[in-house]
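What follows is one structure encoded as structure tokens, with my remarks underneath.
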Amino acid sequence: MAKIKMSELMIPLSDEERKELEEAEKRLPYFDEDSPEMTAKQLQQFKRMYSEDRTKRTVSIRLSKNTYDKARTYGKGYTAFLSRLLDVAINDENLVRKCV
């Protein structure tokens, strides 16, 4: 089961949304014939969706506050999101010309 802490949410929640999430957190998972609990063998079949090329470089870049804040709204893993976004953008010649 995936878990995220309320403090890790990057968007503001209304009081009603916060209350719903707090109540949902207290509930136990419910398994039935439509959504049975997965066996250990089934869970072993999952693979991480990383590319075979694990040669990403670590770099430091300066972002505007707005860009940084907006990227963080995508939640945990926003740096991987930014990497994928740059991969797409750098291969679009028209977009590159606009930005250079």
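The values are calculated or read from the model by the stated rules, or taken from the named source; none is laboratory data. As the structure is a prediction and not an experimental result, all values here were calculated from the model. Here the Cβ positions follow ideal geometry from the backbone for every residue, glycine too, while neighbour counts run over all protein chains shown.
Quick check, is residue 80 within 21 Å of residue 4 (Cα to Cα), in a helix (DSSP H, G or I) and modelled with pLDDT of 90 or more? No; evaluated as a whole, the condition is false for this residue.
Within segment 58-77, the set of residues being without any contact (Cβ under 8 Å) to a residue 12 or more places away in the chain and part of a helix (DSSP H, G or I) comprises 65, 66, 67, 68, 69, 70, 71. Only one of the numbered conditions (1) surrounded by 10 or more Cβ atoms within 10 Å (Cβ to Cβ); (2) of a type in the set (Gly, Ala, Ser); (3) at pLDDT 90 or above is not met by residue 64, and that is (1).
Against the definition (surrounded by 10 or more Cβ atoms within 10 Å (Cβ to Cβ), part of a loop (DSSP other than H, G, I, E, B) and at pLDDT below 85), how does residue 38 come out, yes or no? When the stated conditions are applied, residue 38 does not pass them.
In the set 95, 86, only one residue is within 19 Å of the chain's Cα centre (by Cα) and among the aliphatic types (A, V, I, L, M); that residue is 86.
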